[in-house]
Every structure is written in structure tokens, then in C-alpha cells.
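Trainee: Below is the structure I would like to discuss, written out as C-alpha cells.
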Protein chains: 2
Amino acid sequence: MKKHNFSAGPSILAKEVIENTANAVRDLNGIGLSVMELSHRGKDFQAVMDETVALFRELLDIPGNYHVLFLGGGASLQFCMLPFNLLVTKAAYLETGTWAKKAIKEAKGFGQVEVVASSADKNFNYIPRGFSIPDDADYFHITTNNTIFGTGIFEDYDSPVPVVADMSSDIFSRPLDVSKYGIIYGGAQKNLGPAGVTFVIIREELLGKTERYIPTMLNYQTHIDNGSMFNTPPCLPIYTCMETLRWLKKLGGVKVMQEMNQEKASMLYDEIDRNLLFRGTAVNDSRSVMNICFVMRPEYQDLEKEFLDFTVSRGMVGLKGHRSVGGFRASTYNAMPKESVQALIDAMQEFEKKHAK
Amino acid sequence: MKKHNFSAGPSILAKEVIENTANAVRDLNGIGLSVMELSHRGKDFQAVMDETVALFRELLDIPGNYHVLFLGGGASLQFCMLPFNLLVTKAAYLETGTWAKKAIKEAKGFGQVEVVASSADKNFNYIPRGFSIPDDADYFHITTNNTIFGTGIFEDYDSPVPVVADMSSDIFSRPLDVSKYGIIYGGAQKNLGPAGVTFVIIREELLGKTERYIPTMLNYQTHIDNGSMFNTPPCLPIYTCMETLRWLKKLGGVKVMQEMNQEKASMLYDEIDRNLLFRGTAVNDSRSVMNICFVMRPEYQDLEKEFLDFTVSRGMVGLKGHRSVGGFRASTYNAMPKESVQALIDAMQEFEKKHAK
């Protein structure tokens with residue numbers, strides 16, 4: 001049975017990305033060696049690293065004064081690397097969910113943190129508006145897509161201080177004005193590749209302002225100076241990222257991806273809004289196009305498990321919502337085909353026919 | 001042409017490990033999903049994590065009061081995590097090469113460091129003996145195999161303080177008395193798997209002694225408390241580690257591996273000592289069984305490039321020595337077949353016949 005993979009992350013990757021990675025694991029470009037067995041300093045892997053960086057630059061239209069880094073440790077490690085490198089006296093954070101809270105917690109270990117706005121009052125079901133960013137902050141941190149609560153930020157904020165954005169779950173989902181950010185970072189395991197590599201797009205001028213001791217591996221300057229090769233990078237995960245970016249470029253880039261994502265998300269949100277059994281959890285103007293969260297309407301609450309089992313019986317994977325929200329979460333990342341979204345809609349309609357009073 | 005992969009790391013992996021990883025990249029256990037696309041919190045990946053930990057415990061005979069962790073960031077990140085977590089007033093280090101020096105540099109950012117002995121005086125071509133370990137140190141750090149200089153430590157030291165060992169390049173090459181260590185750690189990309197995951201075997205009692213603020217991701221306790229799943233672990237690299245350990249167990253475990261490694265190393269060292277063109281760089285009693293470093297004898301110095309080209313023409317990869325030593329380095333990790341070592345010996349003998357005066 002064909003699987004429809006709605007997992008929140010690690011998540012679906014394009015078929016040809018999987019196929020090409022499997023082939024490179026066996027033998028990279030016919031050189032007689034696995035991509036896992038190569039010296040990272042040899043020409044074969046250097047070509048992988050160089051192409052991955054070049055595709056990042058091309059597809060996101062990254063200005064020349066930014067570096068693109070690939071690090072280990074996950075986006076969670078960035079939560080402390082950011083204040084380690086950037087927080088001199090005060091940092092500003094927008095609190096839009098679990099990941100923002102974790103980022104805030106780490107920053108508090110290094111200095112003063114001002115939370116400019118929070119949607120905690122409504123279980124993070126919206127993106128705050130109308131807040132002001134303090135111009136004496138060293139940076140302003142946002143989480144552009146909130147995987148758990150299904151909300152998203154779709155504008156590139158104007159800010160008096162450098163914007164630092166965790167784009168773990170929506171990078172490459174839309175065109176960006178990178179020049180409006182100081183740092184964009186994220187784990188690869190949603191729109192980009194497998195778990196194990198973290199990208200960091202960074203404007204070098206941000207660095208060198210703190211006097212604190214920064215361990216070598218936690219210092220962005222180390223990785224800038226060494227082209228992400230100060231130590232052995234996560235080679236195989238980086239290879240898969242390159243394959244995803246090749247695939248994305250072939251499809252037409254981030255503008256095309258944005259249209260495809262909006263189409264998929266609209267299809268599903270329309271069905272959620274129409275269907276008598278379900279309701280969405282995020283406020284309309286904050287709805288994520290990557291993670292679509294919905295629950296049973298109160299009068300059908302006791303059908304939750306039955307609907308989940310029904311989707312599983314139809315080959316759907318990963319639809320159970322996060323415990324912080326409950327219900328269901330359909331992650332419709334870049335690689336998710338429209339057919340899988342349609343399969344979910346069909347299941348919702350069939351379930352409605354059977355159960356709506 | 002068959003390739004003989006002598007790379008120092010990332011390095012050769014067993015054929016069946018590569019094949020099984022390629023298959024799991026396509027479809028893990030026939031579940032219809034790639035190992036790259038699975039939620040790390042689902043039962044399919046949890047089984048991978050559990051088996052990898054269990055095989056570590058079984059194959060290294062790890063006592064019950066130790067945890068086995070899989071982290072991102074590389075062994076280089078451990079160089080600062082160790083003092084962050086363990087250094088209260090003073091740490092003792094044995095300086096046996098480049099990696100030890102890097103570890104020492106990071107520790108100095110956190111407190112007093114006593115280098116108990118160093119082989120820097122002879123370009124790290126030997127392992128110091130007869131040093132004493134200060135009993136007021138918080139820990140004593142060693143690098144058990146020095147990849148660059150081709151030296152190794154083959155005993156489990158008796159120490160008045162916890163021994164912390166970087167075993168990046170010789171883990172699983174011999175049986176260990178784990179109880180003599182406080183922490184054993186290393187990058188996977190030599191004897192274990194692809195780059196992108198770091199193992200940490202840790203005795204929990206070592207923790208909680210420092211008052212300093214430790215960022216969440218840098219605190220070993222975080223990863224112990226969450227079974228290496230505080231954040232998304234490097235799933236695919238961990239999968240390959242599991243396949244390597246399955247392969248290692250099938251071959252008979254670390255005792256058998258030790259015999260095979262000693263046989264391969266003896267074959268090559270014997271040829272280096274016999275051949276008129278070459279000489280080994282490491283002192284006899286300190287010779288690594290993983291990285292075998294040798295150079296042309298002075299009178300044949302100008303043949304260095306020609307010999308390297310000759311090995312390349314015979315399908316040998318990665319034999320160029322590190323710039324710190326020059327000449328050649330044959331890395332003969334667990335997965336290296338005896339046939340590849342014999343192919344190198346044949347090349348050395350043929351080259352000798354042609355060039356020895």
C-alpha cells in the first residue's frame with residue numbers, strides 16, 4: 001500500500017531524492033566508493049559541499065555578504081549558540097510556541113531577554129501583531145513556522161535590529177528577502193533533508209561584538225573561516241540536502257514551491273472549514289502552510305481515535321496531533337504530493353458521511 | 001577497478017553495511033518509508049536507537065551504571081562539553097597529538113589545565129610513559145589513537161581520577177575495561193559509521209559537580225534524561241552505526257576484531273621495516289593498529305609523489321599522509337579487508353624492485 005507521509009519531522013522527502021541518496025550510499029557518481037566513506041577534504045565531497053552552498057545562494061537569492069554554514073547538533077544547539085555569539089546586553093524574542101520558548105530559555109542563560117509579544121494566552125494559536133521591537137536589543141528572534149501549533153509568519157519583518165529567524169520547518173517554502181535578516185537557521189529534517197545537519201545563513205558583520213569566551217565549536221566565526229569544515233561535517237545528510245535542492249530547482253524554485261504549498265494548504269483548510277466533524281485550531285490569518293492542525297468538533301470528540309485509525313488503514317502516517325494541541329496535524333511540506341492531501345480530504349469526507357448527525 | 005579505501009576518516013565501511021544502509025534509505029524493513037522520513041519518536045526509529053544502544057552495551061561489555069548517548073556536533077564539540085560539565089577546578093590532559101591539543105585548548109577556557117606529559121618534542125611519534133596523574137584533577141583526558149601521527153594507547157590506565165578517553169579512531173578495535181573510564185567518546189566516522197553522529201559512554205555519577213551555567217544542549221544530563229532524544233538525533237547516521245555493530249557482532253565481536261586488526265597491522269609494519277625504500281614514523285612500542293604512518297627513507301625522498309601516483313593507479317585511495325607528518329598513511333580500520341593491505345604491500349614490493357639501489 002502506498003504510504004502518505006504526514007509526519008511533522010523527520011518528514012517526507014521527494015522520491016527522487018531518496019532514490020539518488022540510496023544510489024550515492026552505494027556508489028557516489030560511479031567512483032567506486034560510498035558517499036559515507038569519503039574524506040570530507042577530498043574533491044568528491046568538496047564538490048557536494050560547494051554545490052549545496054551554491055544552490056542555497058541561488059534558490060534563496062542570498063546576498064554576497066552572507067555565509068551559508070552546515071553544522072551538526074540540530075537547531076536546538078543554535079538556541080544557545082545565538083546568544084553565545086550575539087547577546088551582549090539584551091535580546092528580544094517573539095514567543096509563538098514551544099520552539100520559541102526553548103530558544104528564550106537558552107538566551108536567558110546569557111543576558112537580559114525581552115519577550116516583545118506572546119500568544120501563550122491562547123495556546124499559541126495565533127501570531128501576535130502590532131508589537132514593537134526594542135531598538136536597543138542586540139537582535140530580535142522569531143520562529144517563522146510553529147510546527148506544533150500550526151501557525152506561520154509570512155512576511156519578512158522590518159526591524160531596527162538584526163532579525164534572527166528559526167526557519168526549521170518552512171525554509172524553501174516561499175521566496176525570502178534575506179537582506180532583512182541577520183541570521184536564518186534551521187534543522188534540515190523538514191523541507192531540506194534528513195536529520196543530522198543544521199543550516200545557518202549568517203551576515204558576518206554581526207559577529208565579534210561580545211567579549212565573552214566562546215568555545216571554538218560554538219563560535220560561528222570558526223565555521224565561517226573553515227567553510228563548515230573545521231571538523232568533519234555530517235556528509236551524508238548534506239548530500240541529501242543537495243539532492244533536495246537540485247529537485248527543488250528543477251521544479252522551478254521557491255516561487256513555484258510557494259504556489260504548490262498554498263494550493264495544498266487551501267485544499268485542506270477548505271475541507272476542515274466545510275466538514276461538519278472537524279475544526280482548525282489556528283486563527284485564520286496565522287494558519288501555517290506547512291503544518292495544518294485540526295481537531296474534532298466538540299460534539300464528535302469521541303470519534304478522534306476512530307478517525308485516526310481510519311487514516312492509518314488508508315496508508316496515512318503521522319497524522320496524530322502533538323499532545324500540546326491534540327487532534328490531528330497534517331504536515332504538508334514541500335515534498336508532499338497533492339495526491340496525499342487529496343487522499344486525506346477523501347478520508348475526511350467519507351468519515352463525515354458515515355458519522356455526521 | 002576495485003577501490004582500496006585507506007582514508008583516515010570518513011573511512012571504509014563494510015560492504016554489507018553500505019548495502020543495508022542503501023536499502024533502508026529506500027525502504028526501512030519494508031514499511032514503505034525511508035529511514036530518513038521517519039519520526040524519531042515513532043516505534044520504527046525507536047527500535048533502531050534501542051538496538052544500537054544494546055549492541056554498544058553488549059559488544060563493549062558496558063556496566064549498567066553507564067549511559068550510551070548519540071549526539072550531533074562531532075567529537076570536536078565534546079572538547080568543550082567535557083570541561084563545561086566536568087571541570088570544577090583542574091583537569092589533567094595527556095598531549096599525544098593534534099586532537100589532544102585541540103581538546104586541551106578548549107578545556108583552558110573553563111579552568112586550570114595540567115598537561116601531565118607530552119610527546120610534542122618528537123612530533124608526537126610516541127606515547128609518553130611513566131607520567132603521574134594528579135589526584136586533585138577533576139578528570140584525566142587521553143586520546144587513545146592518534147590518527148594523524150599513527151600512535152596508539154593499548155592499555156586501560158589505572159587512574160586516581162576519572163579517565164575521559166577520545167576513542168574516535170579506535171573504538172571497537174579491541175576489548176575494553178569500560179569500568180576504568182569515566183567517559184569514552186568519539187565521532188562515528190572511522191570504525192562505526194558515517195560522519196554526523198558522536199557516541200558518548202558516560203558514568204552518570206560524574207555529573208552535577210560544577211556550579212556553572214550549562215546550556216541545555218551542552219549538558220550531558222539533558223541527553224541522559226531523554227535517551228538521546230531531547231532533540232531530533234542524527235537518525236540516518238545512527239542507523240548505519242547499528243548496521244556496523246550487527247556486522248561486527250556476526251564476525252565475533254571486538255576480540256576477533258582485535259586479532260584481525262593486529263594481523264593487518266603486523267603485515268604492513270613488517271613490510272615497512274623490511275622494504276628498503278620506506279620507514280615507519282612512530283616509535284615501535286607506540287605504533288597504532290588503525291593508522292599506519294610511513295615515509296620514504298631519506299635517500300628515496302624524491303620518489304614520494306611517484307609512489308603515491310603508483311598506488312592511485314592501482315585503485316588505492318587516501319594514502320597521502322597528513323601534512324603534519326608527510327609521506328603516507330594507511331588507515332586500516334575494522335572494515336578494511338586483509339586483501340587491501342596485501343595490495344598495498346604488493347605495490348610497495350613492486351616499487352622497491354624497480355627503484356631500490
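The values are calculated or read from the model by the stated rules, or taken from the named source; none is laboratory data. For clarity, every value in this text was computed on a predicted model and none was experimentally measured. Reconstructed Cβ throughout: ideal geometry from the backbone, glycine too, with neighbour counts over all protein chains shown.
Trainee: Can you give me the number of residues within region A:234-252 that are part of a loop (DSSP other than H, G, I, E, B) and either on the phi < 0 side of the Ramachandran plot or within 14 Å of another protein chain (Cβ to nearest Cβ) (or both)?
Mentor: Residues that pass the stated criteria total 1.
Trainee: In this structure, does A:Gly109 turn out to be out of contact with any Phe, Trp or Tyr (no Cβ under 7 Å at 6 or more places or on another chain), part of a loop (DSSP other than H, G, I, E, B), farther than 30 Å from B:Glu37 by Cβ and among the small types (Gly, Ala, Ser)?
Mentor: So A:Gly109 fails the test.
Trainee: Select, from A:Arg57, A:Arg26, the only residue that is closer than 26 Å to A:Gly252 by Cβ and either free of Cβ contacts under 8 Å to residues at least 12 places away in the same chain or among the polar types (S, T, N, Q) (or both).
Mentor: Only one candidate qualifies: A:Arg57.
Trainee: Among the residues in region A:92-102, are any more than 20 Å from A:Ala165 (Cβ to Cβ) and either among the hydroxyl-bearing types (Ser, Thr, Tyr) or buried (at least 22 other Cβ atoms within 10 Å of the Cβ) (or both)?
Mentor: No, region A:92-102 has no match at all.
Trainee: Of the residues in region B:1-23, how many are surrounded by fewer than 23 Cβ atoms within 10 Å (Cβ to Cβ) and part of a helix (DSSP H, G or I)?
Mentor: The qualifying residues number 6.
Trainee: One residue is enough: does region A:199-214 have a residue meeting the conditions touching a Cys at 6+ places or on another chain (Cβ under 9 Å), at pLDDT 95 or above and under 21 Å from A:Gln46 (Cβ atoms)?
Mentor: The answer is yes; a qualifying residue exists.
Trainee: Tell me which residues, restricted to region B:65-80, are part of a helix (DSSP H, G or I) and in contact with a Gly (Cβ under 9 Å, 6 or more places away or on another chain).
Mentor: B:Ala75, B:Ser76, B:Leu77, B:Gln78, B:Cys80, listed by residue number.
Trainee: Would you say A:Leu69 is more than 8 Å from chain B (Cβ to nearest Cβ), crowded, with 17+ Cβ neighbours inside 10 Å and touching a His at 6+ places or on another chain (Cβ under 7 Å)?
Mentor: yes
Trainee: Moving to a separate point now. Would you point out the residue of region A:159-182, among those that are part of a strand (DSSP E or B), surrounded by 24 or more Cβ atoms within 10 Å (Cβ to Cβ) and hydrophobic (A, V, I, L, M, F, W, C), that is nearest to the other protein chains (Cβ to nearest Cβ)?
Mentor: A:Val164
Trainee: B:Lys180 passes all but one of (1) in contact with a Phe, Trp or Tyr (Cβ under 8 Å, 6 or more places away or on another chain); (2) farther than 22 Å from A:Cys80 by Cα; (3) in contact (Cβ under 8 Å) with a residue 40 or more places away in the chain; which number fails?
Mentor: B:Lys180 satisfies all of (1) in contact with a Phe, Trp or Tyr (Cβ under 8 Å, 6 or more places away or on another chain); (2) farther than 22 Å from A:Cys80 by Cα; (3) in contact (Cβ under 8 Å) with a residue 40 or more places away in the chain except (3).
Trainee: Going residue by residue through region A:32-51, is there one that turns out to be in a strand (DSSP E or B), buried (at least 21 other Cβ atoms within 10 Å of the Cβ), within 13 Å of chain B (Cβ to nearest Cβ) and touching a residue at least 60 places away in the same chain (Cβ under 8 Å)?
Mentor: No - not one qualifying residue is present in region A:32-51.
Trainee: How about region A:241-293: which of its residues are under 28 Å from A:Gly193 (Cβ atoms) and in contact with a Cys (Cβ under 8 Å, 6 or more places away or on another chain)?
Mentor: A:Ala282
Trainee: List, please: which pairs have Cβ atoms under 7 Å, are six or more places apart or on different chains, and start with a residue in region B:155-172 that is farther than 11 Å from B:Thr144 by Cβ and end with one that is among the acidic types (Asp, Glu)?
Mentor: Pairs found: B:Pro160/B:Asp135; B:Val161/B:Asp135; B:Val161/B:Asp138.
Trainee: Still on this structure, I have one more. Tally time: how many residues in region B:73-104 are out of contact with any helix residue (DSSP H, G or I) (no Cβ under 7 Å at 6 or more places or on another chain) and not aliphatic (A, V, I, L, M)?
Mentor: Total meeting the criteria: 9.
Trainee: Listed residues A:Thr198, A:Thr147, A:Thr151, A:Thr143; which is among the hydroxyl-bearing types (Ser, Thr, Tyr), surrounded by 24 or more Cβ atoms within 10 Å (Cβ to Cβ), assigned by TED's automatic domain parsing to the domain that holds A:Leu60 and touching a Phe, Trp or Tyr at 6+ places or on another chain (Cβ under 6 Å)?
Mentor: So the residue among A:Thr198, A:Thr147, A:Thr151, A:Thr143 that is among the hydroxyl-bearing types (Ser, Thr, Tyr), surrounded by 24 or more Cβ atoms within 10 Å (Cβ to Cβ), assigned by TED's automatic domain parsing to the domain that holds A:Leu60 and touching a Phe, Trp or Tyr at 6+ places or on another chain (Cβ under 6 Å) is A:Thr143.
Trainee: Which members of region A:288-330 meet the condition of being out of contact with any Gly (no Cβ under 7 Å at 6 or more places or on another chain) and among the charged types (D, E, K, R)?
Mentor: Once the filter is applied, which keeps residues that are out of contact with any Gly (no Cβ under 7 Å at 6 or more places or on another chain) and among the charged types (D, E, K, R), region A:288-330 yields A:Arg297, A:Glu299, A:Asp302, A:Lys305, A:Glu306, A:Asp309, A:Arg314, A:Lys320, A:Arg323.
Trainee: Scan (1) within 21 Å of the chain's Cα centre (by Cα); (2) within 12 Å of another protein chain (Cβ to nearest Cβ); (3) in a loop (DSSP other than H, G, I, E, B) for the single condition B:Ile62 breaks and write down its number.
Mentor: The failed condition is (2).
Trainee: Only one residue in B:Leu77, B:Leu82, B:Leu13 is more than 8 Å from every other protein chain (Cβ to nearest Cβ), in contact (Cβ under 8 Å) with a residue 40 or more places away in the chain and either farther than 27 Å from B:Gly152 by Cβ or not β-branched (Val, Ile, Thr) (or both), so which one is that?
Mentor: Being more than 8 Å from every other protein chain (Cβ to nearest Cβ), in contact (Cβ under 8 Å) with a residue 40 or more places away in the chain and either farther than 27 Å from B:Gly152 by Cβ or not β-branched (Val, Ile, Thr) (or both) holds for just one of B:Leu77, B:Leu82, B:Leu13, which is B:Leu82.
Trainee: Here's a follow-up. Scan region B:231-276 residue by residue and report those that are out of contact with any strand residue (DSSP E or B) (no Cβ under 6 Å at 6 or more places or on another chain), crowded, with 18+ Cβ neighbours inside 10 Å and among the aliphatic types (A, V, I, L, M).
Mentor: B:Leu236, B:Met242, B:Leu245, B:Leu248, B:Val254, B:Met257, B:Met260, B:Ala265
Trainee: Residues being under 26 Å from B:Thr210 (Cα atoms), among the aliphatic types (A, V, I, L, M) and buried (at least 20 other Cβ atoms within 10 Å of the Cβ): count how many of those fall in region B:109-127.
Mentor: 1
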